[in-house]
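No lab work stands behind these numbers, since they all come straight from the coordinates. Owing to the predicted nature of the structure, the values given are computational and were not obtained by experimental measurement. Every residue, glycine among them, receives a Cβ derived from its backbone with ideal geometry; neighbour counts consider all protein chains shown.
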Amino acid sequence: ATRATWSSPKAKLQRARDFQKFTVMTMWLGLPPVRSAVIRTIQGTDGPNPHFNSLYWDKARGTFCIFVPKHKGPGKSNYRSPITIALPQKLFGPILKEFTEVHRPMLLQQQTLPNGAAVVPHRHLILNTLGRPFTKTNFSHFAKIQLWQKYTNVSMPAHLLRHIVVTDLGNRGVPE
C-alpha cells in the first residue's frame, strides 16, 4: 500500500474499527470477569453516574475508572451493589486515550438514520458500524465472530470466555 492509501478516509475508518476491536479485547482480557453487558453499555462520562455504566478519568487516581451501579451476580436475580474499578494506567491509559480522542469520534461520524431524522446524542463507548450503540444481539455476534473467531479462529460466545476466566480463578482459590 502506498502512503496515500494509508490516509484515505476509508483506511482511517477501518483503522478506527480495528482499534475499537483491540480496545474491547483489551478491556475483556484486562478487567476482572465482568459480563458482556458492562462493556457493551459503558458510556464515557465526567465521573461515576448512578444510572449507567460509566468510564471516566479519575484525576485523584491518575487513571481511567469504570463505575458499574448495578451488576448481576450468581443466580437469576442476584444483583450486587455499585463497584468502581480503577484500571491499570500503564495498560489501559494509552489505549483508552487514543480510542476516545482519535478513533471513537471517527466512528461517531458514521451515524446514519433513515429519512434524515436527527441523531440522538449518546456517550456509549463501543459503537456498531452505523456509529450507534450495539444491541444485545449485535454485540453478541460482534464478540463471537468479529473478535474471537477472526483473531483466534475460535467462535467463542462472550459468556463462555467469562466462564473460563471465572473457573480458572475459582480453581486457583481467588476470593470472589
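Here are the numbers for the structure shown:
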quantity: Members of segment 90-107 that are polar (S, T, N, Q) and either more than 15 Å from Tyr56 (Cβ to Cβ) or not in a helix (DSSP H, G or I) (or both); calculated: none
quantity: Close pairs from segment 60-71: first over 8 Å from Ala86 (Cα atoms), partner small (Gly, Ala, Ser) and part of a loop (DSSP other than H, G, I, E, B), Cβ under 9 Å, at least 6 apart; calculated: Phe67/Gly47; Pro69/Ser81; Lys70/Ser81; His71/Ser81
quantity: Answer from Phe52, Phe64, Phe19 - the residue that is in contact with a Gly (Cβ under 8 Å, 6 or more places away or on another chain) and of a type outside the set (A, V, I, L, M); calculated: Phe64
